[in-house]
Amino acid sequence: MCELPIIHYLCTALESGYYRIDDCREWADKVILNYKVEDIAIWVFDVAFATSEQQFYAAVWEQKSQEVFYDSTWYCNADVIAGYYYLLYCENKMTVVELIDRLREEDDNACGGNLYDNTIFHDTIFSIKYDTYTDEKQKEKIYQKSFENIKELLFSMSLIATQQQNRLKLYCESI
């Protein structure tokens, strides 16, 4: 069995906004509480004490650069971040307007992501004339209609994000 790129998963959750620094610290605390101190990597302790994103990234940088992606653990960061956005929407932590706006901001065909290469997604996201709506209710209605066109695609991306969340939880229990 190959090792999981657990730090990459943790970083992706943070980059998407699904996790905050406090969530990363809580995750590290769970790891620390569940295992003998000598079995825990130093970077986990550093994450537990990180109070900013800068401290978090400093804590994981060396280990993150050593993590290896295998065919079974490779993922496109942009797709997973879109999946996390969808999870935030499903958990009522993001409105449909925020979801679509964030997806528009994240569009990067250079990353090779499946979502941003999808014609339906691209055409749907960029057909919205978001700057022409002055009425918030009208904007919400148009965004909701557009969202319905890409909901299935976002759901598939959220499956990857959910898998990563499950692996982060299991990591706390199975070091």
Count - residues of region 164-175 that are over 15 Å from L88 (Cα atoms) and part of a helix (DSSP H, G or I): 8
Region 77-116 - residue that is at pLDDT below 80 and outside any helix (DSSP H, G or I) and, of those, surrounded by the most Cβ atoms within 10 Å (Cβ to Cβ): G113
Any hit, region 63-72, residues being at pLDDT 90 or above and within 20 Å of Q165 (Cβ to Cβ): no
Selection count, region 30-54, where residues are in a helix (DSSP H, G or I) and more than 19 Å from the chain's Cα centre (by Cα): 15
Residue check, E15 surrounded by fewer than 19 Cβ atoms within 10 Å (Cβ to Cβ) and over 23 Å from E91 (Cα atoms): no
Some residue of region 136-146 being modelled with pLDDT under 85, β-branched (V, I, T), in a helix (DSSP H, G or I) and more than 30 Å from W27 (Cα to Cα): yes
Search result, residues across region 12-27 that are over 8 Å from the mean Cα position of the chain (by Cα) and assigned to a helix (DSSP H, G or I): I21, D22, D23, C24, R25, E26, W27
Single unsatisfied condition, W74 versus (1) more than 30 Å from D117 (Cβ to Cβ); (2) hydrophobic (A, V, I, L, M, F, W, C); (3) under 15 Å from the mean Cα position of the chain (by Cα): (1)
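The values are calculated or read from the model by the stated rules, or taken from the named source; none is laboratory data. Given the structure is predicted, the values throughout are model-derived calculations rather than measurements. In this analysis, Cβ positions are derived from the backbone assuming ideal geometry, glycine residues included, and neighbour counts consider all displayed protein chains.
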